[in-house]
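To keep things clear, I will list the structure first and then write my remarks on it.
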Amino acid sequence: MCGIVGYSGSRQAVEILIDALKRLEYRGYDSAGIAVCGKELQVYKDKGEIAKLQESLPVMKGTVGISHTRWATCGRPSKENAHPFVDCTGRFALVHNGIIENHMALRRELVARGHKFTSETDTEVLVHLLEESYKGDTHAALVETLKKVKGTYAVAVVRSGSNEVVAARKENPLVVGLGVGENFVASDVTALLNYTNKVLYVMDGESAVISPAGVRLFDESGQEVRREPSTISWTIDDAEKGGFGHFMLKEIYEEPLAIHNTLLGYLDDISDGNSIGSSRFSSVKIVACGSSFHAAMVGKYVIEALSDTPTTLELASEYRYSPGTKELPLVVLVSQSGETADTLAAAREARRRGCKTYAITNVVGSTLTREVDEVFYTRAGPEIGVAATKTYITQLVALYLLGMRMGIARGTIGPDSLRSMRSELRSMPKHVRTVLDNSSAIEEATDMLVNARDVFFIGRNINYPTVLEGALKLKEISYIHAEGYAAGELKHGPLALLDAHTPVVAACVKDHTYDKMLANVAEVAARDSPVLAIGFEDDTELNAVADRVIRIPKVSPIFSPMLITVVLQMLAYYTARRKGCPIDKPRNLAKSVTVE
Ligand code: G6P
């Protein structure tokens, strides 16, 4: 996720481009850049936050320009990889938010035709393609360029000597702002609120030409589109959160896109023989902290089920105390931030022991990525809420892909099951959306939790870690004491605590654990505990044993943690909201824990 701004008017562009960009910093903050068209095209960019760029900004005169704040997904954060990118003739500057999937093939072709690249990014192919397609009309050249790319984008371009900003979008947000004698384009309305509250939403596949005189919108086939402007009544604070009350909720709603982006490219390259995951290891050890540890636990079930490879888990803070083994496992380190001190220490220790290391992280260029042999990037975009939500879901995606890759390498997954798993994973964004559409039922279910002092979460097998994560979410943001338990363990202690005031949340998917889960739910109900069950949409038995049932789309049980987790995240969110808790910044907790 990155932020884009474009301006065309009569004022000096630079101040507007920087001020508006700062409003988008929540979308990315590892590097930033700006291009202004005056007498000639001037470009300035750097690694780091926008304030740092601003401090060293040279004088840039001109009334047209674009700017960008980056959250790296392809190529580490650096000055070279920062946007805008300029073509070989120095006429065009371009900024992009999204992922160009076929960039490697395009880059090879462009290099063969003499183009010189200055960065490691996927984006840079766009500006070189634009240069080749240009025959006097930048809009036509951009439309031509975008026909050649596979992937997702919001893109904005300026050309030296022109007062137009040309923009287009596919699966990434883009909005046009309408002023008087000046017009704007941006990733979202947050950037524009200081200047206008009249906007035109650019739809998927559409493009726009913005000049001081006006804005023209075009559909995919190049036909001009007429659209009535919308009036925005949000404050800047509302807008940063996209109209959601908290970043946490916004980030939960971003999960379908985060899953989609994390799968992009990887599902097709699943049998890529160059990846560590495609090598045969006699065992795997997954190491992580916090929510990432729960994702790791799901990963253990997935890797063992799909590839028959014995997999063990270690909390990162405990890894150093575990004995090394003669047979070296593949060590998988899971960390959304890539900066957690204990996980970094574990990565170093694993390498010292001679193990191959594989990191799953959301932050390109984070310290962890420099400490391991191979990195898989989840592409969730920046997560501002302290409680992990979309990064957790995409960690699961990464672990499914790793399990599938290992299964292919070990011959435990045949073509048919690979095909059906691919198709299920591709459907996950849609299923998560269905869960989100059921938010009112989840919100109502908080009646059962909001006044409780203690809540138990129970599940079995692959949904045992899911309930651990559900309990962690509830305790960290609502301050209600919550414990996740393997359902079979209830009778070894917690049952003593159950009564009519202690609700139990039960993950009950119809798999080989179902009958036993129902028996556990009955045990709980017999102690008068209110039961909130989560089950498949076609389940007809749960209503008889549970006080309330939340339903999720029917998927193969191995993928059910993704959907149950979304329910549990929302349950925690709505409970905390009813209690008036500071959801995005829970007391005493930090997003990234850099002490051991
Ligand atoms: C902190 C965060 C958690 C996160 C944990 C591990 O405690 O609040 O949300 O799960 O650190 O962080 P990591 O970046 O390594 O996944």
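The values are calculated or read from the model by the stated rules, or taken from the named source; none is laboratory data. As the structure is a computational prediction, the values presented were derived from the model and not from experiment. Every residue, glycine among them, receives a Cβ derived from its backbone with ideal geometry; neighbour counts consider all protein chains shown. Side chains included, ligands, DNA and RNA excluded: accessible areas come from the protein's heavy atoms. Shrake-Rupley method; radii C 1.70, N 1.55, O 1.52, S 1.80 Å.
Only residues that are within 21 Å of the chain's Cα centre (by Cα) and either over 20 Å from Asn172 (Cβ atoms) or near the ligand (Cβ under 10 Å from one of its atoms) (or both) were counted in the stretch 350-369, giving 11. Report yes if Glu131 is open to solvent by less than 60 Å² (accessible area, probe 1.4 Å), under 20 Å from Pro77 (Cα atoms) and at pLDDT 95 or above, otherwise no. Considered against the rule, which asks whether it is open to solvent by less than 60 Å² (accessible area, probe 1.4 Å), under 20 Å from Pro77 (Cα atoms) and at pLDDT 95 or above, Glu131 comes out as no.
The set of residues from the stretch 350-366 being part of a loop (DSSP other than H, G, I, E, B) and surrounded by fewer than 17 Cβ atoms within 10 Å (Cβ to Cβ) comprises Arg353, Gly354.
Only a single criterion out of (1) open to solvent by 10 Å² or more (accessible area, probe 1.4 Å); (2) closer than 22 Å to Pro465 by Cβ; (3) touching a strand residue (DSSP E or B) at 6+ places or on another chain (Cβ under 9 Å) is not satisfied by Ala305, namely (3). The residue that is nearest to Ser119 (Cα to Cα), among those in the stretch 53-77 that are of a type in the set (Gly, Ala, Ser) and crowded, with 18+ Cβ neighbours inside 10 Å, is Gly75.
For first residues located in the stretch 398-416 and among the charged types (D, E, K, R), partners that are crowded, with 24+ Cβ neighbours inside 10 Å and lie 6+ apart or on another chain with Cβ distances below 7 Å form the pairs Arg405/Gly277; Arg410/Ser307. Can you name every residue in the stretch 1-31 that is outside any helix (DSSP H, G or I), open to solvent by less than 50 Å² (accessible area, probe 1.4 Å), out of contact with any Pro (no Cβ under 6 Å at 6 or more places or on another chain) and at pLDDT 95 or above? If the condition is that a residue be outside any helix (DSSP H, G or I), open to solvent by less than 50 Å² (accessible area, probe 1.4 Å), out of contact with any Pro (no Cβ under 6 Å at 6 or more places or on another chain) and at pLDDT 95 or above, then Ile4, Val5, Gly6, Tyr7 are the ones that fit. Picking from residues in the stretch 281-297 that are more than 10 Å from the ligand (Cβ to nearest atom) and in contact with a Lys or Arg (Cβ under 9 Å, 6 or more places away or on another chain), the one that is modelled with the lowest pLDDT is Phe281. All conditions but one from (1) within 19 Å of Ile18 (Cβ to Cβ); (2) assigned to a loop (DSSP other than H, G, I, E, B); (3) of a type in the set (Gly, Ala, Ser) apply to Ala72; the one that does not is (1).
When the residues of the stretch 318-344 are filtered to those that are among the small types (Gly, Ala, Ser) and at pLDDT below 95, the one that is farthest from the chain's Cα centre (by Cα) is Gly324.
Each row is one residue, and each column tells you yes or no for (1) assigned to a loop (DSSP other than H, G, I, E, B); (2) in contact (Cβ under 8 Å) with a residue 24 or more places away in the chain; (3) out of contact with any helix residue (DSSP H, G or I) (no Cβ under 9 Å at 6 or more places or on another chain); (4) not acidic (Asp, Glu).
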| residue | (1), (2), (3), (4) |
| --- | --- |
| Val36 | no, yes, no, yes |
| Val59 | yes, no, no, yes |
| Arg76 | yes, yes, no, yes |
| Lys79 | yes, yes, yes, yes |
| His96 | no, yes, no, yes |
| Thr118 | yes, yes, no, yes |
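Residue under question is Val209, and the condition is that it be farther than 23 Å from Lys22 by Cα and not aromatic (Phe, Trp, Tyr); does it hold? Yes.
The test for being within 13 Å of the ligand (Cβ to nearest atom), over 27 Å from Phe559 (Cβ atoms) and of a type outside the set (Lys, Arg) does not hold for Thr378. Ile583 fails exactly one of the following numbered conditions: (1) open to solvent by less than 20 Å² (accessible area, probe 1.4 Å); (2) away from the ligand (no atom under 16 Å from the Cβ). What is the number of that condition? Status for Ile583: all satisfied but (2).
Here Asp188 fulfils each of the conditions (1) in contact (Cβ under 8 Å) with a residue 24 or more places away in the chain; (2) farther than 28 Å from Gly381 by Cβ; (3) in contact with a strand residue (DSSP E or B) (Cβ under 7 Å, 6 or more places away or on another chain) apart from (2).
Conditions (1) surrounded by fewer than 14 Cβ atoms within 10 Å (Cβ to Cβ); (2) at pLDDT 90 or above, marked per residue:
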residue: Val175; (1), (2): no, yes
residue: Val180; (1), (2): yes, yes
residue: Ala186; (1), (2): no, yes
residue: Asp237; (1), (2): yes, no
residue: Ile270; (1), (2): no, no
residue: Ser278; (1), (2): no, no
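Step by step: first the residues of the stretch 312-349, then only those that are away from the ligand (no atom under 15 Å from the Cβ) and of a type in the set (A, V, I, L, M, F, W, C), then the one that is surrounded by the most Cβ atoms within 10 Å (Cβ to Cβ). Which residue is that? The qualifying residue surrounded by the most Cβ atoms within 10 Å (Cβ to Cβ) is Leu330. Screening Ile384 with (1) assigned by TED's automatic domain parsing to the domain that holds Ala258; (2) in a loop (DSSP other than H, G, I, E, B); (3) over 13 Å from the mean Cα position of the chain (by Cα) gives one miss only, at (3).
Taken over the stretch 190-230, residues that are open to solvent by 10 Å² or more (accessible area, probe 1.4 Å) and not in a strand (DSSP E or B) amount to 20.
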